[in-house]
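Take a look at the structure set out below.
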Amino acid sequence: MNKKRASDCLTHLQSALKISALYPEGHPGIQNPLQNFIRELSQLLQAGRPLVLGIVDDVLAFDEVPFYDIDTTWRNLFVSLQGRGIESITFQPGIEVDEALGIVKILTGGDSEDGDDLAALWKNYAIQHAVYTELATTDDSQVRAHRIYSESLCMIMNVMTELRVGRIPSTRAAVAVVDSMRDLMLDDPNALMGMAMLKSYDDYTYNHSVNVAVLCLALGLQLELVPAELSAFGIAALLHDVGKVRTNETIIRKPGRLNDEEMRLIKLHSELGAEILESMQGMDPAARTMVLQHHIRFDRKGYPERLATEEIHPLADAIALADCYDAITSTRPYRRSREPGEAVRIIQSCAGSAYRPDLVEQFIRMLGTYPVGETVRLATGEIAVVIALNPLDAISPKVELVMDPDGVPLAETARVDLAQASEEKRRIVTSVDPLSKGIDVGTILEESLRA
């Protein structure tokens, strides 16, 4: 198939997904891209053979035409497929607009009594000219991490979509993704921590929500929270910024400093978020409390100011810690990102004022002496990026070697476990600025996760 024709067809499908996420069901705006998609698809199907849209080795493919830019151009479509656990959709001749609409509703998580049961959803929307296959389950923790992270992104996108169109989101979906995160982190504490360091400039709000949940669950496991507490903590972290959906988008995306009125409006998001959680059926009241209180600060100089004299949930402060750490290690329109080690030092300086000192200590212990994503110089002179922690040896993480002792980039990076006796000479001596070395930490982490 000609790549341009394939691209044009998928562009219409992705447009339908985006519009469906912004407008209520039945909005006329969705019909135009759906009709264009079916028109293009029908022309491609005239050859008489089915066409397959799917995920192959973490690449989006349509009729064997690969689309590699899944983090930019095709992110919405890729995340929707992966988040729904769909490996492929095979389109057959005769497909109609109503069937395409059903597929869009399934991919965007439109409310349905059938929840995540794909077979029931396919039947409910009477989709007869398209067949799906589900992503295979696997014991590989990195594959699971990619899938669970995508499912979490999809879930938070769907929550925001539901709220924008005036619907109350499902609590069940949030509980399910938090449970999946917890189970994976019990099996492999490092898997999702690496994912949380892969920053997305374009989808900051969604990625930030998931990253804060990952950090909080890791902290909760270290604090040995009981399952009910851990679940409420994870849900509150995942939904801590959900109130921003009711804040003007121009304020949320403003590339500079907010004025006093804009700051007043943004400060309402914790109260608005608490109201949203209160409206969600079956939501743990503790999660609502944490969302309400996560900006009050340890010294009570935060907001909402009216709560300054009330007892604060101890884990609300932990959400603030994770919120701060992910925010300052992410690039924003108005400032550069900080390195993990620098972010830790900033948080340490706020212990006793913004944050509870004991939680700061536990949070830093959870991150490790050299956090995932830190760029370091070894005693050998080599430069490496920390890709995973060693729970039994805080100063000897697993690293990816990226430069030789002369500062020359390696043609092929090499993974090294510094805790191994054979690597005794390769101890870490200091952190270094990756920008000064021309190192793209995000790319190194992403490649290490795919290895």
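Any residue in segment 277-297 that's not assigned by TED's automatic domain parsing to the domain that holds Arg167: show its pairings with residues that are of a type in the set (Val, Ile, Thr) and crowded, with 20+ Cβ neighbours inside 10 Å at Cβ separation under 8 Å, as long as the two are six or more apart or on different chains.
none
Here's the yes/no breakdown for (1) β-branched (Val, Ile, Thr); (2) touching a residue at least 40 places away in the same chain (Cβ under 8 Å):
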| residue | (1), (2) |
| --- | --- |
| Leu13 | no, yes |
| Arg49 | no, no |
| Ile55 | yes, yes |
| Tyr68 | no, no |
| Thr73 | yes, no |
| Asn76 | no, yes |
| Leu81 | no, no |
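Kindly provide the set of residues from segment 281-322 that are assigned to a helix (DSSP H, G or I) and among the basic types (Lys, Arg), ordered by number. First the steps, then the outcome.
Step one: filter segment 281-322 for residues assigned to a helix (DSSP H, G or I), giving 285-293, 305-307, 316-322.
Once the filter is applied, which keeps residues that are assigned to a helix (DSSP H, G or I) and among the basic types (Lys, Arg), segment 281-322 yields Arg288, Arg306.
Select from segment 6-63 the residues that are under 23 Å from Thr161 (Cβ atoms) and at pLDDT below 85 and list them in ascending order. Explain how you work it out, then say what you get.
Going residue by residue through segment 6-63, those that are under 23 Å from Thr161 (Cβ atoms) are 10-38, 53, 55, 60.
Ser20, Ala21, Leu22, Tyr23, Pro24, Glu25, Gly26, His27, Pro28, Gly29 - these are the residues of segment 6-63 that are under 23 Å from Thr161 (Cβ atoms) and at pLDDT below 85.
Go through segment 340-397 and give me each residue that's farther than 26 Å from Pro409 by Cα and of a type in the set (Asp, Glu).
Hits for segment 340-397 are Asp358, Glu361, Asp393.
Quick test of your reading of the structure: His208 fulfils all but one of (1) of a type outside the set (Lys, Arg); (2) surrounded by 19 or more Cβ atoms within 10 Å (Cβ to Cβ); (3) more than 18 Å from Val291 (Cα to Cα). Name the failing condition by number.
(3)
Ile346 is checked against (1) touching a helix residue (DSSP H, G or I) at 6+ places or on another chain (Cβ under 7 Å); (2) surrounded by fewer than 17 Cβ atoms within 10 Å (Cβ to Cβ); (3) in contact (Cβ under 8 Å) with a residue 24 or more places away in the chain and fails just one. What number does that condition carry?
Exception for Ile346: condition (3).
Results for (1) outside the structural domain of Arg39 (by TED's automatic domain parsing); (2) surrounded by fewer than 19 Cβ atoms within 10 Å (Cβ to Cβ); (3) modelled with pLDDT of 90 or more, shown as yes or no for each residue.
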position: Glu96; (1), (2), (3): no, yes, yes
position: Ala100; (1), (2), (3): no, no, yes
position: Ala120; (1), (2), (3): no, yes, no
position: Asn124; (1), (2), (3): no, yes, yes
position: Met157; (1), (2), (3): yes, no, no
position: Pro169; (1), (2), (3): yes, no, no
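The values are calculated or read from the model by the stated rules, or taken from the named source; none is laboratory data. Note that the structure is a prediction, hence the values are computed from the model and not measured. As a convention, Cβ positions derive from the backbone with ideal geometry for all residues, glycine included, and neighbour counts pool all protein chains shown.
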